[in-house]
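Beneath this line is the structure, given in structure tokens, with notes to follow.
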Amino acid sequence: MINMPADWLKSVIWALRVNFIIVIFDLILLAVWLLLQSANLIVPMRRDLFSVLLFLESALVFLAGGVVAMSGSIFPSKIREHFFRSKEEWSAEKHKKSEARANLYILAGVFLFFESLGLTFFI
């Protein structure tokens with residue numbers, strides 16, 4: 001048995017919840033698309049649309065994780081300090097916290113990416 005630290009376990013559970021919410025949203029979206037398709041209102045749906053949708057969403061989640069990680073670095077904090085007259089200074093602790101938040105998004109993106117690859121091979 002693998003002894004996983006509590007923080008890692010919480011991170012994996014959070015990423016799986018986000019993944020579940022995104023998949024449910026996609027299934028609802030595709031169900032609405034199929035209902036509209038049966039009424040001949042839109043073009044027919046391709047078979048691989050669900051895997052493509054998951055792939056694009058994984059890319060968006062990866063980008064969000066990158067933005068969260070970048071927001072805590074020194075460059076954006078100096079921009080806030082000089083242009084927006086912010087009194088908040090950069091600290092290594094805040095940078096570590098933003099990297100930890102970004103890891104959650106990246107983990108959720110990894111789950112979505114591998115689901116899209118799996119669906120590509122099974123559909």
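The values are calculated or read from the model by the stated rules, or taken from the named source; none is laboratory data. No experiment lies behind these values; they were computed from the predicted model shown. All Cβ positions, even for glycine, are placed from backbone atoms using ideal geometry, and neighbour counts span all protein chains on display.
Worth pointing out:
- Among (1) touching a Phe, Trp or Tyr at 6+ places or on another chain (Cβ under 6 Å); (2) over 30 Å from Lys10 (Cα atoms) - the single one Leu36 does not satisfy: (1)
- Sub-7 Å Cβ pairs linking a first residue in the range 63-92 that is free of Cβ contacts under 8 Å to residues at least 12 places away in the same chain to a second residue that is surrounded by 12 or more Cβ atoms within 10 Å (Cβ to Cβ) and of a type in the set (Lys, Arg), at least 6 apart or interchain, are Ser86/Arg80; Glu88/Arg80, ordered by first then second residue.
- In the set Ala64, Ala100, Ala92, Ala31, only one residue is among the aliphatic types (A, V, I, L, M) and within 13 Å of the chain's Cα centre (by Cα); that residue is Ala64.
- Selection of the range 61-84 for residues being under 30 Å from Asn19 (Cβ atoms) and either loosely packed, with under 14 Cβ neighbours inside 10 Å or touching a Lys or Arg at 6+ places or on another chain (Cβ under 7 Å) (or both) yields Leu63, Val67, Val68, Met70, Gly72.
- Whichever residue in the range 53-66 is touching a Phe, Trp or Tyr at 6+ places or on another chain (Cβ under 7 Å) and not hydrophobic (A, V, I, L, M, F, W, C) and, among such residues, is modelled with the lowest pLDDT: Gly65
- For the range 37-52, a residue qualifies if it is in a helix (DSSP H, G or I), surrounded by 13 or more Cβ atoms within 10 Å (Cβ to Cβ) and either in contact with a Lys or Arg (Cβ under 9 Å, 6 or more places away or on another chain) or at pLDDT below 80 (or both), and the qualifying residues are Gln37, Val52.
- So Phe55, is it touching a residue at least 40 places away in the same chain (Cβ under 8 Å) and either assigned to a helix (DSSP H, G or I) or among the hydrophobic types (A, V, I, L, M, F, W, C) (or both): yes
- Qualifying residue in the range 103-113 (condition: part of a helix (DSSP H, G or I), over 11 Å from the mean Cα position of the chain (by Cα) and among the β-branched types (Val, Ile, Thr)): no
- Considering Ser116, Ser98, the condition of being at pLDDT 90 or above, of a type outside the set (A, V, I, L, M, F, W, C), surrounded by 14 or more Cβ atoms within 10 Å (Cβ to Cβ) and under 28 Å from Ser11 (Cα atoms) is satisfied by Ser116 alone.
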